[in-house]
1. Between Cys19 and Glu136, what length comes free when the chain is fully extended (0.36 nm per residue of separation minus the Cα-Cα distance, one decimal in nm)?
2. At a Förster distance of 30 Å, what's the computed FRET efficiency of Lys127 paired with Lys95, Cβ-Cβ distance as r, to 0.05?
3. Would you mind getting me the FRET efficiency between Lys340 and Gln228? Use the beta-carbon distance for r and R0 = 25 Å, nearest 0.05.
4. Return the subset of Lys23/Lys315; Lys31/Lys318; Lys2/Lys181; Lys23/Lys169 for which the Cα-Cα distance in this structure is over 19 Å, preserving the input order.
5. For Ser193 and Glu43, calculate 0.36 nm times their separation in residues minus their Cα-Cα distance, and state this gained length in nm to one decimal.
6. Quick one: compute the contact order of the range 186-306, relative version, from alpha carbon pairs under 8 angstrom and 6+ residues apart, as a percent.
7. Could you run the Karplus curve 6.51 cos²θ - 1.76 cosθ + 1.60 with θ = phi - 60° over the range 254-259 and give me ³J(HN,Hα) per residue in whole Hz, x for Gly and Pro?
8. Classify the range 121-194 as rounded, prolate or oblate from the Cα gyration tensor: take a ≥ b ≥ c as the square roots of its eigenvalues, call it rounded if a/c is under 1.5, otherwise prolate when a/b beats b/c and oblate if not.
Amino acid sequence: MKALILIGGFGTRLRPLTCTRPKALFPIVNKPLLQITFERLAENGVDEVILAVNKLTQFHIRQQHLPKYGLTVKYSLDPPKIPLGTAGPIKKAEKLLGHDDPFLVLNGDLITEINYKEMLATHAEGKAVATIALHEAEDPSRYGVAELADENRIKRFIEKPPKGTEPTKLINAGVYVLSPKIFNYIPSGRAVSMEREVFPRLAEENVLYGHKVSGLWIDIGKPEDYLQTNKMLLETCADKQRKNPRFECRNPVALGKGVVIGENSVIGPCAVLGKNVTVGKNVQIRDSVVFEDVKIGDDAVICGALIGEAAQIGKKAKVTEGCIIADHVKVKDGVLLREKVSVCPAKEV
């Protein structure tokens, strides 16, 4: 079984952290998102993964040497100057995906507990060209919305309907099973929208089906969603920190290898510290994700923020709710960064 993971986007909503890494490599409780995806696919019987990427994303992934859990991993490169939209990369990977069997397609910025085996079985039951995973959402206007007919056939698919006009709360969860016939619906050589062009046409022809899913499903595309994802998974993935006489960990907390914490510092609740993070004395960190190799000075406060790799936070500095500090930034001693301030890579504040 093959799976195509769409990770060629530029992650503009997560800038400036995506200036130096693709979304697929963002750490989720200190494990890269793509590694988590590989693990889940292997557990569900997938043996070959194709990554639809741009050249820079391919470079970053190859540098990581992620565990592949027995998967064969191949790359399908997006053309450098021709945007392909959300369906174009599927057409581009046609030769790698082949025409023999249905295959999975996943958006690469998802954390989900979807049972892919069950979804494939649902697809096989009907005459579907495409089967979409459908998840119930409080605000479906942010997503593509499906209206079901009998036997899980989708009779109407509307991409991001105006708020209050949504026919249902069932949204496109960003996971599909596609039959090889799908290639006939995607023109080559231009950008094609799966949601606005392909799915509506399939619905009109009665060959678009839905598969309802429940449980964990999060799109990490926005900073608040990424932070919330880490908070949610901390409860199940975090290390249970023992009481330390020098500093305090207020669970849930996750500490990477080589973390050093100074006296009287308070870490947590809901704090993730990557490997080799150094924390000074009397520091407070909560509701935050700190990437690897960060140095945090004495008496600093970090609350509700994202701190990029190898950043330096000075003594008595304060980084507040919604701030995003990119890689290699230096925040000097005593600096106060108010809510939702973003600092680009390698800058000094």
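No value in this document is a laboratory result; all are computed from the given coordinates. It should be emphasised that the depicted structure is a prediction, and the values quoted were computed from it without experimental measurement. Note that we place each Cβ from the backbone using ideal geometry, even for glycine, and neighbour counts take in every protein chain shown.
1. Values: separation 117, 0.36 × 117 = 42.12 nm, distance 3.21 nm.
Here the segment from Cys19 to Glu136 would lengthen by 38.9 nm.
2. It comes to 0.75.
3. Details: r = 16 Å, r/R0 = 0.62.
Computed FRET efficiency for Lys340 and Gln228 comes out at 0.95.
4. Details: Lys23/Lys315 30 Å; Lys31/Lys318 27 Å; Lys2/Lys181 16 Å; Lys23/Lys169 27 Å.
Those over the limit are Lys23/Lys315; Lys31/Lys318; Lys23/Lys169.
5. Details: separation 150, 0.36 × 150 = 54.00 nm, distance 3.00 nm.
Between Ser193 and Glu43, full extension yields 51.0 nm more.
6. Numbers: 222 pairs, mean separation 18.1, N = 121.
In percent, rounded to a whole number, it is 15.
7. 10, 10, x, 5, x, 5
8. Working: a/c = 2.27, a/b = 1.29, b/c = 1.76.
Since a/c reaches 1.5 but b/c is at least a/b, the shape of the range 121-194 is classed as oblate.
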